[in-house]
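FYI, it's all coordinate maths here, none of it is from the lab. Since the structure is predicted, the reported quantities are computational estimates derived from the model, not experimental observations. As a convention, Cβ positions derive from the backbone with ideal geometry for all residues, glycine included, and neighbour counts pool all protein chains shown.
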Amino acid sequence: MSHYFINDKNLEENRREISFRFFGLSYTLLTDNGVFSKDGLDYGSCLLLENVCKSEIEGKILDLGCGYGPIGIVIKRCFSTADVTMVDINVRAIELTKLNVERYEMDNEVLVSDSFSELENRCFNHIILNPPIRAGKEVIYSMFEQASTHLYDDGCLWIVMRKNHGANSAIAKINDIFGNCEVIDKKKGFFVIKSKKSR
């Protein structure tokens, strides 16, 4: 079975377009087999975006595990002056993201990266993550830990996770790492979680 958090070069290609509206704007993005939520914007990502985009974020923003790009593209459209970087381990996802970013004539940086592997010595004001649950707790918790070293002081990690996928355990882990963790929204079993890196 192929998973969106690995590279499966043998997976049959089946590119197609999906459309959605967010904050009054329409989006049409290219997706394919082997990427997360290939049939449309998933509820968790939408809820995460709602909370991020209400918060007037700015500066350097990392869309970690960007898939085909909806989070980073929506954020750039909402905050045109933001410096957005988008990374994913999945080469097919990154190919799609580059095409989708070009469609909206954005200057987002798009990189193939195994979590932070290609981001050494780089820091961000905000890191936004819809964790790859099927990759397992060890991988996800490593992403949280690495995020703490790639945030500027007062920078924020934003994640979304379902309660039945381990949200409470993730909250405890993030609190251990950052010394703080706030659940800023709860809907339909999804928790939007925010932590700030202390000075």
Cα pairs beyond 19 Å in the chain, in percent, come to 57
Here the net charge surrounding VAL35, from other residues whose Cβ is less than 9 Å away from its Cβ (Lys, Arg +1; Asp, Glu -1), is 0
Placing each pseudo-label 7 Å from Cα in the direction of the beta carbon, SER198 and ASP176 end up separated by a distance in nanometres of 1.7
A correct Karplus calculation of ³J(HN,Hα) over region 59-76, with 6.51 cos²θ - 1.76 cosθ + 1.60, θ = phi - 60°, whole Hz and x for Gly and Pro, returns x, 8, 10, 10, 8, 8, x, 6, x, 8, x, x, 5, x, 6, 4, 4, 5
Simple spin-label estimate for THR28/ASN164, 7 Å along Cα→Cβ, in nm, reads 3.6
Each label sits 7 Å from Cα toward the beta-carbon; between LYS137 and ASP83 the label points are separated, in nm, by 3.7
Within the set PHE20, PHE36, PHE178, GNM on the chain using Cα springs under 10 Å gives the largest fluctuation to PHE20
Of the listed links LYS60/LYS163; LYS76/LYS137; LYS54/LYS194; LYS60/LYS187; LYS38/LYS196; LYS98/LYS188, those spanning more than 22 angstrom between alpha carbons are LYS60/LYS163; LYS76/LYS137; LYS60/LYS187; LYS38/LYS196; LYS98/LYS188
In degrees rounded to 10, the 0-90 angle between helix 91-103 Cα long axis and the longest Cα principal axis of the chain is 80
Along region 20-31, Karplus-curve 3J(HN,Hα) (6.51, -1.76, 1.60; θ = phi - 60°) to the nearest Hz, with x for Gly and Pro, reads 7, 10, 8, 6, x, 10, 9, 10, 10, 10, 8, 10
Percent antiparallel among DSSP beta bridges confined to region 42-196, nearest 5, equals 40
Going residue by residue through region 186-195, the Karplus relation 6.51 cos²θ - 1.76 cosθ + 1.60 with θ = phi - 60° gives ³J(HN,Hα) values, rounded to whole Hz and with x marking Gly or Pro, of 9, 8, 6, x, 9, 10, 9, 10, 9, 10
Dividing the mean separation of Cα pairs under 8 Å (6+ apart) by the residue count of region 42-196 yields a relative contact order in percent of 22
Note, GLU182: beta-carbon cut-off 11 Å, +1 each Lys/Arg, -1 each Asp/Glu, net +1
The local net charge around ASN51, scoring Lys/Arg +1 and Asp/Glu -1 for residues other than ASN51 whose Cβ lies under 13 Å from its Cβ, equals 0
